[in-house]
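Novice: Take this structure, written in structure tokens, and hold onto it; I'll ask about it next.
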Amino acid sequence: MADEAKAKGNAAFSSGDFNTAVKHFTEAINLSPSNHVLYSNRSAAYASLHQYDSALSDAKKTVDLKPDWSKGYSRLGAAHLGLHQYEDAVSAYKKGLEIDPNNEALKSGLADAQSAATASASRARAAPPPNLFGDAFQGPEMWAKLTADPTTRVFLQQPDFVKAMQEIQRNPSKLNEHLQDQRVMQALGVLLNVKFKAGGGDDMEVPEADSPPAPSKPAKQESKKPDPVPEPEPEPMEITEEKEKKEKKEKALKEKETGNDAYKKKDFETAIQHYTKAMEIDDEDISYITNRAAVYLEMGKYGDCIKDCEKAVERGRELRADYKMIAKALTRKGTALVKMAKCSKDYEPAIETFQKALTEHRNPDTLKKLNDAEKGKKELEQQEYFDPKIADEEREKGNECFKQQKYPEAVKHYTESLRRNPKDPKAYSNRAACYTKLGALPEGLKDAEKCIELDPTFSKGYTRKGAVQFFMKEYDKALETYQEGLKHDPNNQELLDGVRRCVEQINRASRGDFSPEELKERQAKAMQDPEIQNILSDPVMRQVLVDFQENPKAAQEHTKNPMVMNKIQKLVTAGIVQLR
């Protein structure tokens, strides 16, 4: 939006429509009030309208926003010159030359200001004889008028004409040497607001009210170098700015490439020097900042890395940079924060930073870093909370509640015990028993399995798991669990009782000794079991089931296969198949 308004302002300026240019530049400033180039361009437009107070105000704003930009001082000098504040103009141009000593526009402006100051001092000492044409060639107004006129604007593209006008501007007495040049005569007419006939200089009309005679400059003035881009000629103004910007970007990119080469070679100090130089040359590309941050990260200078990342984000917001670049800077900051983390709370700002990065751009690498940070925080929290002594105390409190049949309270104590010592199989076993009493069978099964995982020889884990599976009516699975426990503790009475109960239920299923409602419930539940589904979808087993119904001889052969009979037994236990 601001760029569009700026482009319209530039077009109006180039065509000499300075009022419209001011309007569009103002619109652009409202959309982007921190853009120094917009204030600079509007200052030039005001100067072309001879509204030097407004031009001075915009020039000052330009310098405030961008003190290291030489163009701002050029605008400031031109505004002071238009207000006849010659010493201030000289000071402004000199400041600009301190930043950019080779700037021709500043050199030319300084020469104009110094000449005007000298002429003003001379007029104060003694009034010179009047000169009809002297003031017409003074200051930047001459170039603005020539640019605004369609005829003379074409002449400005011709180097010999520009050179002739520069000579006349430095020394108005040189006019006589160029009177035969019709382009000069045409320019003189534009500057004096008169019309010349084609014949020559004697037939001209001078409006009495519009163009009073103006005193001439002293013949001897301080010389200045030719200015190929007169100030504030509109088209050269824009071309110069774009050219300067392009040259700066090219220089900055070369520095970045050199920095990249040094980074690959692990020459971090050299890489930092080149990235820093690139940042100084071009402050409108945050990649130089993020690259330097990457170097600091590799060097272990995490504080410097974080500062650069924050600077990149802030500058990126101002420039409305690509959201991917903002996300990259935030991710790098988060990485540095993780490196600095010493306790679980130190992970919180890193996690928050990664989350912000993901809102800018959902990058898989950032998401992985976020997950790792959350995992790291959790692990540290567990380490910080770890206390086996308190864990044992909480487990005993849970046991007391369990004896009093206060199962929810018991669960709370067992949970706290596990937070204090997550490697205690007894706490998992006891909590599994509580969940079983409360009917929370999936949670009980999970705790029992964790108990067995932590200590495969702990028989209580198998009794807890078998009990849960038995209540879930998964008798064949419960039988397997009890049998596995007996391998570690063959004389355990709880395990032996569990085996007996399971066998009874399996035999009952084999006989079909279920009510229709029980059978229907068992079959529905069995059909949700992935193992049962796989058996029924197996073409070989389907044929086996058909043979059991229609081909007794083939069925006899199948009974000799242990794997087939094991699957048949599972189907019988599940209530899917009944043997008669």
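Novice: Restricting the first residue to segment 7-25 and requiring it to be touching a residue at least 60 places away in the same chain (Cβ under 8 Å) and open to solvent by less than 60 Å² (accessible area, probe 1.4 Å), which pairs with a second residue that is assigned to a helix (DSSP H, G or I) and of a type in the set (Asp, Glu) meet a Cβ separation below 6 Å and a spacing of at least six or different chains?
Specialist: That search, which allows pairs on different chains as well, returns Asn10/Glu238; Ser14/Glu235.
Novice: Sticking with this one: I'd like the full set of residues that are in contact with a Ser or Thr (Cβ under 8 Å, 6 or more places away or on another chain), surrounded by fewer than 19 Cβ atoms within 10 Å (Cβ to Cβ) and assigned to a loop (DSSP other than H, G, I, E, B), limited to segment 84-123.
Specialist: His84, Asp100
Novice: Residues being under 29 Å from Gln85 (Cα atoms), modelled with pLDDT of 80 or more, surrounded by fewer than 21 Cβ atoms within 10 Å (Cβ to Cβ) and among the hydrophobic types (A, V, I, L, M, F, W, C): count how many of those fall in segment 139-165.
Specialist: 3
Novice: Follow-up. Restricting the search to segment 364-414, which residues are open to solvent by 70 Å² or more (accessible area, probe 1.4 Å) and not in a helix (DSSP H, G or I)?
Specialist: Phe386, Gln404, Gln405, Lys406
Novice: Now for a different question. Looking at (1) on the phi > 0 side of the Ramachandran plot; (2) buried (at least 24 other Cβ atoms within 10 Å of the Cβ), which is the only condition His50 fails?
Specialist: It fails just one condition, (2).
Novice: Being within 11 Å of the chain's Cα centre (by Cα), over 27 Å from Lys377 (Cα atoms) and not acidic (Asp, Glu) is the filter; apply it to segment 313-324 and report the residue that is most open to solvent (accessible area, probe 1.4 Å).
Specialist: Pass one, segment 313-324, residues within 11 Å of the chain's Cα centre (by Cα): 313-317, 320-324.
With over 27 Å from Lys377 (Cα atoms) added as a condition, the list becomes 314-317, 320-323.
Those still in the list that are not acidic (Asp, Glu) too: 315-317, 320-321, 323.
Details: Arg315: 57, Gly316: 1, Arg317: 127, Arg320: 189, Ala321: 36, Tyr323: 116 Å².
Looking at the filtered set, the residue picked out is Arg320.
Novice: Moving to a separate point now. If the requirement is being at negative phi, surrounded by 14 or more Cβ atoms within 10 Å (Cβ to Cβ), out of contact with any Asp or Glu (no Cβ under 8 Å at 6 or more places or on another chain) and among the hydroxyl-bearing types (Ser, Thr, Tyr), which of these qualifies: Thr353, Thr359? Write out each step before concluding.
Specialist: Details: Thr359 fails: surrounded by 14 or more Cβ atoms within 10 Å (Cβ to Cβ).
Just a single option satisfies the conditions, and that option is Thr353.
Novice: Being outside any helix (DSSP H, G or I), touching a residue at least 12 places away in the same chain (Cβ under 8 Å) and surrounded by fewer than 20 Cβ atoms within 10 Å (Cβ to Cβ): is that true of Pro490 here?
Specialist: Details: outside any helix (DSSP H, G or I): yes; touching a residue at least 12 places away in the same chain (Cβ under 8 Å): no; surrounded by fewer than 20 Cβ atoms within 10 Å (Cβ to Cβ): yes.
In short, no.
The values are calculated or read from the model by the stated rules, or taken from the named source; none is laboratory data. These numbers come from a predicted model, not from an experiment. Neighbour counts are summed over all protein chains in view; Cβ atoms, including those assigned to glycine, are modelled from backbone coordinates with ideal geometry. All accessible areas refer to the heavy atoms of the entire protein, side chains included, with ligands and DNA or RNA removed. Shrake-Rupley method; radii C 1.70, N 1.55, O 1.52, S 1.80 Å.
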